[in-house]
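Asks: Let me begin by handing over the structure; questions about it come next.
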Amino acid sequence: MSTKKAELPADGSAEAVKKKPVMMIAVIGVVLLAIIGTFLVTKQVAAKGKAGVVKKHVEHGPVITLDEFLVNLADSSGDHFLKVTVGVELNKEKGVSEEGMKEKTALVRDAIVTSLSTQTREDVSTMKGRDKLKDEMKKRINDELGDDLICGVYFTNFVTQ
């Protein structure tokens with residue numbers, strides 16, 4: 001029977017062999033703790049950031065959808081047009097009703113046609129341009145009505161050619 005002796009490290013200590021796995025486990029544990037700590041801190045910072053933002057409950061008023069608009073755009077070539085359906089949101093805080101707006105429909109439509117016909121195809125080809133147009137329409141309508149009766153303008157159909 002031959003007896004094999006366990007190979008020992010060069011320094012000849014059995015303790016050095018036992019320390020390697022313990023060191024590996026300790027290093028892995030420290031790395032895992034660092035990852036978990038970073039995750040938890042990041043999550044808390046994100047939660048605090050969201051807690052500072054208070055969402056305001058918006059109570060929307062009724063939306064009146066107007067008949068379709070078809071206008072020539074203000075392009076120099078003169079051969080482009082815009083076909084759009086617009087909805088206007090009434091300002092609930094002002095107490096304006098759909099019935100009360102019916103008699104003002106001509107004023108609202110005129111303000112919209114005026115706003116639309118000053119646009120070029122390039123103006124309305126981007127979302128930024130359309131948002132700017134909505135703001136202009138809202139301002140023009142409210143100026144025409146003499147009060148902030150309209151609080152939103154929405155496109156429900158939008159085609160340029």
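The values are calculated or read from the model by the stated rules, or taken from the named source; none is laboratory data. Since we're looking at a predicted model, the values are computed, not measured. Using ideal geometry, Cβ is built from the backbone for each residue, glycine included, and neighbour counts are taken over all protein chains shown. Side chains are part of the model used for accessible areas, which takes the heavy atoms of the whole protein and leaves out ligands, DNA and RNA. Shrake-Rupley method; radii C 1.70, N 1.55, O 1.52, S 1.80 Å.
Asks: Based on this model, can you work out whether Leu116 counts as surrounded by 16 or more Cβ atoms within 10 Å (Cβ to Cβ) and part of a helix (DSSP H, G or I)?
Replies: Numbers: surrounded by 16 or more Cβ atoms within 10 Å (Cβ to Cβ): yes; part of a helix (DSSP H, G or I): yes.
When the stated conditions are applied, Leu116 passes them.
Asks: Taking only pairs six or more apart or across chains, which ones have beta-carbon atoms under 7 Å, a first residue in the stretch 71-84 that is open to solvent by 60 Å² or more (accessible area, probe 1.4 Å), and a second residue that is at pLDDT below 90?
Replies: Close Cβ pairs satisfying both conditions: Asn72/Gly78; Phe81/Gln161.
Asks: In the stretch 56-70, what count of residues is obtained for those that are open to solvent by 40 Å² or more (accessible area, probe 1.4 Å) and without any contact (Cβ under 8 Å) to a residue 60 or more places away in the chain?
Replies: The first filter runs over the stretch 56-70 and keeps only residues open to solvent by 40 Å² or more (accessible area, probe 1.4 Å), leaving 56-60, 62-63, 65, 67-68, 70.
Okay, now just the ones that are also without any contact (Cβ under 8 Å) to a residue 60 or more places away in the chain, so 56-59, 62, 67, 70.
Of the residues in that region, 7 qualify.
Asks: Then there's this: Which of the residues that make up the stretch 107-137 are within 21 Å of the chain's Cα centre (by Cα) and among the basic types (Lys, Arg)?
Replies: Answer for the stretch 107-137, where residues must be within 21 Å of the chain's Cα centre (by Cα) and among the basic types (Lys, Arg): Lys128, Arg130, Lys132, Lys134.
Asks: Something else now. Go through (1) modelled with pLDDT of 80 or more; (2) more than 28 Å from the chain's Cα centre (by Cα) for Lys92 and report which single condition fails.
Replies: Of the numbered conditions (1) modelled with pLDDT of 80 or more; (2) more than 28 Å from the chain's Cα centre (by Cα), the odd one out for Lys92 is (2).
Asks: Within the stretch 89-101, can you find the residues that are surrounded by 11 or more Cβ atoms within 10 Å (Cβ to Cβ), under 11 Å from Ile64 (Cβ atoms) and not small (Gly, Ala, Ser)?
Replies: Glu89, Leu90, Val96, Glu98, Met101
Asks: Please indicate, with yes or no, whether at least one residue in the stretch 125-139 is touching a His at 6+ places or on another chain (Cβ under 8 Å), closer than 18 Å to Phe69 by Cα, modelled with pLDDT under 95 and open to solvent by 60 Å² or more (accessible area, probe 1.4 Å).
Replies: From the stretch 125-139, those touching a His at 6+ places or on another chain (Cβ under 8 Å) are none; that's our starting set.
Checking the stretch 125-139: not a single residue is touching a His at 6+ places or on another chain (Cβ under 8 Å), closer than 18 Å to Phe69 by Cα, modelled with pLDDT under 95 and open to solvent by 60 Å² or more (accessible area, probe 1.4 Å).
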